[in-house]
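As structure tokens, the structure follows; a few thoughts come after it.
The values are calculated or read from the model by the stated rules, or taken from the named source; none is laboratory data. Note that the structure is a prediction, hence the values are computed from the model and not measured. For neighbour counting, all protein chains shown are included, and Cβ atoms are generated from backbone atoms with ideal geometry for every residue, glycine included.
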Amino acid sequence: MRNVGAAICLFFLAPLVAEYLLGDIPLSNLGAMVALAPMYGGGALLIRELVRRTRRGWPTFLLLALAYAAMEEALLTQSLFNPHFMGFDLLGYGYIPALGTALPWLIYVLGIHVIWSMAVPIGLTEALFPAPEQQPWLGRIGLCIAVLLLIAGGMTVALFQRQGDPFRNSPMQVAVSLLLIALLVIAAFRLPRPAPATSPQPAPAASVGPAAALLGSTLLLVYSLGKGRAWPWPATASAELIAVGLLILLFWWSTRIRTWTPMTAWGAAAGGVLVYAAYGYVIQHAFGHDYDMIGHSVLVGLFVLLTLGAGFKVARRRPAAV
């Protein structure tokens, strides 16, 4: 029952972080969870279970989360190629004809899905259900259900998007996207399993959390400033890549050089929650959802309390590598 509770928690936390805490969907539109929970929740459960079942580490998670992000934005919502997605000019800034998309948007949208749609809700849920060593929550039937939920949610989101937007990806864009997603999944399981950390010293949450929050904020702010034409798009894309590269370096250090513990994982997830909680107000205003600021504040308060509660639960247990 504990594992079922953890799986249900992740199923709902993933869409709440990805869309509602971000602020692009107001809390008053909870009906959208009918499609978003199966898509985000099913995806997060599937990725988390595959990584835990195969006893692989964050590089495998990174590639699987990147494959999910590409699937959602290239094939389901089509935002990577749609120049007028939801009425916004997402591709006018930094458009590269050979790619069929804008590089700053590509880095930004894939990055936020990897970090906040997948990593943060998974990390927060594991902190809410701490264990000396994290194990799979689902059996084979549960894993199959997660796959079916992902498919059903993805199809619902795709149908909803196509009903209101005449844009359609070209066959070449679909084919290339499918090929890249398949290559990411294959590469994820071709990677060697993680070697033990070179030091028994734990990676301190007091360092990892603020560093993750700072670098995550940098990724979001760099894109927002660049999109406002504060500087040329190559500078924006370069700064985004630097932020992403430093995040990868941070996780390499905290898992390879130091020992990754439940408290470390909680610190990184807490940093991510706080970043989105603040950034959500910016997105709320940009999307014209100022009328729902009270609802968003309530959601932020609930997430802060939830994150603090998870931290207390982890702190009561003995530190152990995950």
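Numerical summary
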{"read-out": "The stretch 1-57 - residue that is within 20 Å of G216 (Cβ to Cβ) and among the acidic types (D, E) and, of those, surrounded by the fewest Cβ atoms within 10 Å (Cβ to Cβ)", "value": "D24"}
{"read-out": "Contacts under 8 angstrom Cβ, first residue in the stretch 59-81 being more than 21 Å from L149 (Cα to Cα) and touching a residue at least 40 places away in the same chain (Cβ under 8 Å), partner assigned to a loop (DSSP other than H, G, I, E, B) and among the aromatic types (F, W, Y), 6 or more apart", "value": "F81/F167"}
{"read-out": "Of all residues in the stretch 173-194 being of a type outside the set (K, R) and part of a loop (DSSP other than H, G, I, E, B), the one that is surrounded by the fewest Cβ atoms within 10 Å (Cβ to Cβ)", "value": "P192"}
{"read-out": "Checking A197 against (1) over 19 Å from I112 (Cα atoms); (2) among the hydrophobic types (A, V, I, L, M, F, W, C); (3) touching a residue at least 60 places away in the same chain (Cβ under 8 Å); (4) part of a helix (DSSP H, G or I), the condition it does not meet", "value": "(4)"}
{"read-out": "Criterion (farther than 26 Å from L27 by Cβ, in contact with a Phe, Trp or Tyr (Cβ under 8 Å, 6 or more places away or on another chain) and not aliphatic (A, V, I, L, M)) met by exactly one of G272, G226, G267, G245", "value": "G226"}
{"read-out": "Residue in the stretch 253-266 that is under 19 Å from the mean Cα position of the chain (by Cα) and either hydrophobic (A, V, I, L, M, F, W, C) or surrounded by fewer than 15 Cβ atoms within 10 Å (Cβ to Cβ) (or both) present", "value": "yes"}
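Yes or no, residue by residue, for (1) surrounded by fewer than 17 Cβ atoms within 10 Å (Cβ to Cβ); (2) at pLDDT 95 or above; (3) more than 16 Å from I181 (Cβ to Cβ); (4) in contact with a strand residue (DSSP E or B) (Cβ under 6 Å, 6 or more places away or on another chain):
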site: L80; (1), (2), (3), (4): no, yes, no, yes
site: L90; (1), (2), (3), (4): no, no, yes, no
site: L99; (1), (2), (3), (4): yes, no, no, no
site: I112; (1), (2), (3), (4): no, yes, yes, no
